[in-house]
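Shown next, in structure tokens, is the structure this report addresses.
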Amino acid sequence: MVIFIHFLIFALVSNSTPLKIFTTKAEIAAYLLQKRSAGKTIGLVPTMGALHNGHISLLAQAKAATDVVVCSIFVNPTQFNDPKDLERYPRPIESDIKKLISAGCDVLFNPPVNEVYDDNEPAWHLDIGPLENILEGKFRPGHYQGVTQVVFKLFDIIKPDMAFFGQKDYQQVLVISRMVELLNMPVKMVMCPIVREPGGLAMSSRNVHLSAGEKQQALALSQLLQMVKDNFATHTLPELKQLAADFMSHQPEIKMEYFELADGDTLQPATAETEKIVALIAAWAGKTRLIDNMIVR
Ligand code: AMP
């Protein structure tokens, strides 16, 4: 019944708007082949849906740089290390479709899980080096194997000229860039700036789970990053880490998983000589895990 209703919405929407909606690999590949043969460039914005202005900014950047903008919405089971997180991930497909239409997106790819994964598919492993097991990788074992697996499949089906990812998931951009480099994939990666709520909280699909109080507490993440950035020129790295620890000690409701000042290219801990430094944080507000980062040098 639910599938039927979705199908009906797809049918209605796809007849009345320029947004083309595909749920199968074969159909979207055939459609994009025509576009490519007509000399059009293709931009891909991979998402898990529950679209917000962060996603919309990626679509706008894709629209400015390529002829045909494809948004994929797929809640990828292989990148969730916590089954409860997968289960409660928001999936408001009808309102997402409306947002894609007003953003001027050309194509939505919204496949079911069995269109992306075969039952007997062999386990995937791509050696992406140390990036796999540090920071997010350490706290979410297996996450980046799931991410590379699904993005490999999306790139293979859609064959985008350019793919747009948010700086919000900084480590993810490095991981996928490494995959593109290792596998010689003909796609240009574009990292887009983080879009924030007026108070500074980085937009995220998971923010819908935050109560009003937790949303207030969650401001501590961006405040901490901004404080580190503001003090960067006048403090050493150990002093900045101490400032961060002192700041977080006044935020008892926020449970921090990590705060790191890292090399922007490798995410190894930064030293005084590191040229590009990014401050990264992951923390829990209630039952919701949040991540954020800021380039501080
Ligand atoms: P998600 O749906 O959370 O998997 O995110 C899909 C894409 O949107 C990823 O490339 C994210 O990094 C990006 N993204 C998510 N939140 C933001 C944000 N607040 N600002 C910019 N990009 C974002």
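The values are calculated or read from the model by the stated rules, or taken from the named source; none is laboratory data. Fair warning: this is a prediction, and the values are worked out from it, not measured in the lab. Backbone-built Cβ (ideal geometry, glycine too); neighbour counts: all protein chains shown.
Which members of region 59-100 meet the condition of being in contact with a strand residue (DSSP E or B) (Cβ under 8 Å, 6 or more places away or on another chain), in contact (Cβ under 8 Å) with a residue 40 or more places away in the chain and of a type outside the set (S, T, Y)?
Going through region 59-100, the residues in contact with a strand residue (DSSP E or B) (Cβ under 8 Å, 6 or more places away or on another chain) turn out to be 59, 61-63, 65-74, 85, 93, 96-97, 100.
Among the residues that remain, those that are also in contact (Cβ under 8 Å) with a residue 40 or more places away in the chain are: 59, 61-63, 65-66, 70, 72, 74, 85, 93, 96-97, 100.
Selection gives L59, Q61, A62, K63, A65, V70, F74, D85, I93, D96, I97, L100.
Does any residue of region 234-251 turn out to be within 23 Å of Y89 (Cβ to Cβ), at pLDDT 95 or above and not small (G, A, S)? Within region 234-251 (the criterion being within 23 Å of Y89 (Cβ to Cβ), at pLDDT 95 or above and not small (G, A, S)), the answer is no, since none of the residues qualifies.
The rows are residues; the columns are (1) at pLDDT 95 or above; (2) within 16 Å of the ligand (Cβ to nearest atom).
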residue	(1), (2)
F10	no, no
L33	yes, no
V70	yes, yes
V75	yes, yes
E87	yes, no
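Note on region 186-205: residues that are in a strand (DSSP E or B) and near the ligand (Cβ under 9 Å from one of its atoms) total 4.
What strands (runs of 3 or more DSSP E) completely inside region 228-297 contain at least 1 residues that are of a type outside the set (D, E, K, R) and surrounded by fewer than 14 Cβ atoms within 10 Å (Cβ to Cβ)? Don't jump to the end; show me each part of the working.
On the way: elements: 254-263, 277-285, 288-295.
Filter on region 228-297 gives an empty set.
R91 meets each of the listed conditions (1) over 20 Å from I56 (Cα atoms); (2) part of a loop (DSSP other than H, G, I, E, B) apart from (1).
Here is a yes/no grid of residues against (1) in contact (Cβ under 8 Å) with a residue 12 or more places away in the chain; (2) away from the ligand (no atom under 13 Å from the Cβ):
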| residue | (1), (2) |
| --- | --- |
| D106 | yes, yes |
| V113 | yes, yes |
| N120 | no, yes |
| I157 | yes, yes |
| Y170 | yes, no |
| L174 | yes, no |
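Within the set D169, D156, the sole residue that is surrounded by 18 or more Cβ atoms within 10 Å (Cβ to Cβ), in a helix (DSSP H, G or I) and of a type in the set (D, E) turns out to be D169.
Of the residues E94, E132, E121, only one is modelled with pLDDT of 95 or more and more than 28 Å from Q268 (Cα to Cα); which? Working first, answer last.
Details: E132 fails: more than 28 Å from Q268 (Cα to Cα); E121 fails: modelled with pLDDT of 95 or more.
Of the residues listed, the single one that is modelled with pLDDT of 95 or more and more than 28 Å from Q268 (Cα to Cα) is E94.
Scanning region 45-59 for residues that are more than 13 Å from V69 (Cα to Cα) and in a helix (DSSP H, G or I), we see that the one that is farthest from the ligand (Cβ to nearest atom) is N53. Annotation: V175 fulfils all but one of (1) outside any helix (DSSP H, G or I); (2) in contact with a Leu (Cβ under 6 Å, 6 or more places away or on another chain); the unmet one is (1).
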